[in-house]
Amino acid sequence: MTSKSKMPKIAYFCMEYGLDDKLKTYAGGLGILAGDYMKGAKDHDFPIVGLGIKWKQGYGDQHIDKDGMPFDCYKNQNYDFLEDTGVEVTVKIRQRDVKIKVWKCDNFGNAPLYLLDTDVPGNEDGWITGQLYGWFGEERIAQEMVLGVGGVRALRALGIDVDLYHFNEGHALFAGFELIREKRDEGDSYQEAFVKSREEIVFTTHTPVIQGNESHPIDRLMYMGANMGMTVEQLVAMGGAPFNMTVGALRLSKKANAVAQLHGETANEMWDYVEGRAEIVPITNAIHRPTWVDKAMTDAAEKGADLWVPHMKNKRDLIAFVKERTGAELKEDVLTLGFSRRAVPYKRANLLFRDPEVIDPLLRDGKLQIVYSGKAHPLDDMGKQLIFEIVGFSKKYPNAVVYIPNYDMATGAALTRGSDVWLNNPRRPKEASGTSGMKAAINGVLNFSTLDGWWPEACDHGENGWQFGDGFIGKTEAEHDKHDGDALYKVLLEEVMPTYYDNHKKWVAMMQQSIMDCKDEFAVLRMLEEYYEKLYI
Ligand SMILES: *Cc1c(COP(=O)(O)O)cnc(C)c1O
C-alpha cells in the first residue's frame, strides 16, 4: 500500500457504532461492523474519522415477561467518559433551529469518533437523538438530518479535512444533500454541485431484504426541510417517489460496495433497474480480532499446539455466563450449538425445531444443547413472536435449550468463543454477510451454516466446518424451509455429531483449519485494505 500520509482522508458516517457495551449506540451487525472498522482504523493507522449519534437511550434493553414475551425498557445513559469538543452546530429541521452538540469518543481503541447530540439545554427538539431506530418516519428523517447535515457541519466546525465521505448504509444520505448545498451556495448550478459531490461520496449497501431499505414520501422530506434546497423533481430524479434512501445513495456516490461476494451479485441484480447508479463491488466484511477472538486460540493454532484445552476453558466460561444470566446449567461434555442474531424471520431461529421427532430425543438424551440469544426490533411483533417461540422451547427443554435475553456484545463474545458449533441458517440470499460466524471460526468454533453471506467464501465442507442445503433457493418459503430443514438434520446426524462424539482428533483438526483459514482473511486489516484499493482510491 502507498504511504498512509498520502492516502485519502475518510469521514465515515453511520447511525450506529458497536464499540463497547458501555456505549449503547448500536443495535446489531451494522453497528458492530462500524465499531470494528473504527478500531481497525486506529490499530493500523488509517486516516479515518467517524460520525455518529450519541443516543441518549440507545436501542433499549429487552427482557422477557413471565409469559415468555419480550418487552423493551429504555433508560437514560450516562456517558461521562466522552470528551466535550465544545463545538456546537445548528440544523434547521421542521422549520426549527436544532442545536447539535459534538462529543468525541476515542475510549475503546478506536479512531476518532464524533457523536452528535441534540440533548442540549434550550433545544425544543432534544429527543431527536433519544432512541436508535425508535419511532416512525418523521423522527427518523430528523435523526438522519442530524447525522448527515449535522455531521458535515461538525466536520467543518472542527476543522477536519476530508477527501471522501463514506456512507455506511443509506441513513447518511442527507450528508450528500449538504455537500450539494454547500457548492450551490458557492455559485455552482445544481447539476455541477451534484456531479462534484458524487465524486466525493462512496457508499456501502447492506441489506438484500427490500423492506430493510428505507424510503420516505417526498412531501415529508420537503416538509422536514431534508431536501436542503433541492426541488421535488430533483429529489424524484435521485431517489424515486417515494424516495428510497438506498437508490438515492447509489446515484449520489461514485462507487458502492456490497458486503460479501454473494451479496455483490444479489445487490447488483436487486438494483439493476436504477439508472445512473454507482457500480457495486463486493468487499466482504471482517472483524476486529482483539475484540472478539481469544488470543490463546489463535496462538495455539499458529504453533500447532493443543486447541482443546483453551477451547474447554472458553466453553466453561460460556457455561458460567449462561448460569449467571439465566440460571440454566449446561453440561461440559455435551455438543453445544450457539445461535445469536437479530430476531427476523429470514434467519429462521426455529429451523432446528422443525421436526420434533428428530430434535426431541437429542435434547432429552443429553446429546445436544443449544444457546440462543437475539433481540427483536421494539416495533417488530413478528420478531417478538419468534423469541416467544424460542423461550417456549427453553421451558420445554430446561438445561438443554437456553435463551439469553438482551443480546449485547458480551453475549456475542461469550457465545462465539464458548460454543462448539455456530449454527447459521438464513434463507439464502437474504443474509448480506454475517460477522458472528467469522468470530466463531477464528475462535475454533465450527460453522454449520447454509451457503449464505460470507460462508460460501470460507466453507471447506468437512474440513473447516459444514454447509447444508447446497445453496438451494426455494420457490416458496415453505419449500425452502423443508429443503434446508431436512439438510440440516442430515448433516447434523451424519457428520457433525459423529465427528464430535467419535472422532475427537478430526474435530480438533477442523478447529485448527477453521482458525488458520479465516484468521487473516476475515480480519479487519484485509477489509480496510480492500476499501482503500477498491472503493477509496
Ligand atoms: C457479531 C454481532 C452481531 C453481528 O452478527 P451477525 O452474524 O451479523 O448477526 C450483532 N450483534 C452483536 C451483539 C454481535 O456481537
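The values are calculated or read from the model by the stated rules, or taken from the named source; none is laboratory data. These numbers come from a predicted model, not from an experiment. In this analysis, Cβ positions are derived from the backbone assuming ideal geometry, glycine residues included, and neighbour counts consider all displayed protein chains. Surface accessibility is based on the protein's heavy atoms, side chains included, excluding ligands, DNA and RNA. Shrake-Rupley method; radii C 1.70, N 1.55, O 1.52, S 1.80 Å.
Observations on the structure shown:
- For residue 300, the requirement of being in a loop (DSSP other than H, G, I, E, B), free of Cβ contacts under 8 Å to residues at least 40 places away in the same chain and away from the ligand (no atom under 16 Å from the Cβ) is not met.
- Only listed residue being in a loop (DSSP other than H, G, I, E, B), farther than 21 Å from residue 166 by Cβ and touching a helix residue (DSSP H, G or I) at 6+ places or on another chain (Cβ under 6 Å), chosen from 45, 21: 21
- Helices (runs of 4 or more DSSP H) enclosed by the range 210-290 - at least 1 residues per element that are among the aliphatic types (A, V, I, L, M) and open to solvent by 50 Å² or more (accessible area, probe 1.4 Å): 218-224, 232-239
- Residue within the range 325-339 that is open to solvent by less than 20 Å² (accessible area, probe 1.4 Å), part of a helix (DSSP H, G or I) and either among the β-branched types (Val, Ile, Thr) or away from the ligand (no atom under 14 Å from the Cβ) (or both) present: no
- Flag if residue 472 is under 26 Å from residue 264 (Cβ atoms), away from the ligand (no atom under 11 Å from the Cβ) and in a strand (DSSP E or B): no
- The sole residue among 197, 215, 189 that is among the polar types (S, T, N, Q) and touching a Pro at 6+ places or on another chain (Cβ under 9 Å) is 215.
- Tabulated pairs, the range 371-388, first more than 22 Å from residue 132 (Cα to Cα) and of a type in the set (Lys, Arg), second outside any helix (DSSP H, G or I) and open to solvent by less than 20 Å² (accessible area, probe 1.4 Å), C-beta under 9 angstrom, 6+ apart or interchain: none
- Screening the range 81-185 for strands (runs of 3 or more DSSP E) wholly inside it with 1 or more residues that are open to solvent by 40 Å² or more (accessible area, probe 1.4 Å) and either assigned by TED's automatic domain parsing to the domain that holds residue 245 or closer than 30 Å to residue 61 by Cα (or both) returns the ranges 83-93, 96-105.
- Residue check: residue 260 meets all listed conditions (1) outside the structural domain of residue 451 (by TED's automatic domain parsing); (2) out of contact with any Phe, Trp or Tyr (no Cβ under 6 Å at 6 or more places or on another chain) but one, namely (2).
- Scanning the range 17-44 for residues that are buried (at least 24 other Cβ atoms within 10 Å of the Cβ), within 11 Å of the ligand (Cβ to nearest atom) and over 22 Å from residue 530 (Cα atoms) returns a single hit, 26.
- The range 194-209, subset charged (D, E, K, R) and assigned to a helix (DSSP H, G or I), residue nearest to residue 530 (Cα to Cα): 198
- Residues satisfying the criterion are present in the range 66-81 (criterion: touching a strand residue (DSSP E or B) at 6+ places or on another chain (Cβ under 8 Å) and among the charged types (D, E, K, R)).
- Residue check, residue 424 under 23 Å from residue 362 (Cα atoms), within 11 Å of the ligand (Cβ to nearest atom) and out of contact with any Cys (no Cβ under 9 Å at 6 or more places or on another chain): yes
- Tallying residues that are under 19 Å from the mean Cα position of the chain (by Cα), surrounded by 23 or more Cβ atoms within 10 Å (Cβ to Cβ) and not in a loop (DSSP other than H, G, I, E, B) within the range 452-468 yields 1.
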